[in-house]
Amino acid sequence: MDGYGSTTFTYWKMQLVRGFMELRGHVESLTTIIKIMMEGSDLPCFEVFDINTFIERFKERSTDKEVSTLVL
């Protein structure tokens, strides 16, 4: 990506933040899908999975600026 200060890396960081912001608008759908997948599952990834912790990761109550800083 041509280094930390490059325009390519800056663009990548911008896209990363935009992608995370977009995901924040779909938390309910994501959690619904995960709950369906967890139901009756014996997959090891769900043994210690906490849906509330997953939801908290999206920082729905934080401002866009706070989330941007967090992502970066």
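Quick notes
- The stretch 24-54, residues that are within 17 Å of E66 (Cβ to Cβ), modelled with pLDDT under 95 and surrounded by 13 or more Cβ atoms within 10 Å (Cβ to Cβ): R24
- Filter result for S29 (small (G, A, S) and under 17 Å from the mean Cα position of the chain (by Cα)): yes
- Members of the stretch 54-72 that are of a type in the set (K, R) and either over 23 Å from T10 (Cβ atoms) or within 13 Å of the chain's Cα centre (by Cα) (or both): R57, K59, R61
- Residue count for the stretch 1-22, restricted to those that are under 10 Å from the mean Cα position of the chain (by Cα) and either aromatic (F, W, Y) or surrounded by fewer than 12 Cβ atoms within 10 Å (Cβ to Cβ) (or both): 3
The values are calculated or read from the model by the stated rules, or taken from the named source; none is laboratory data. A quick note: this is a predicted structure, and the numbers were derived from the prediction, not measured. Cβ sites come from the backbone with ideal geometry, for glycine too, and all protein chains shown count toward neighbours.
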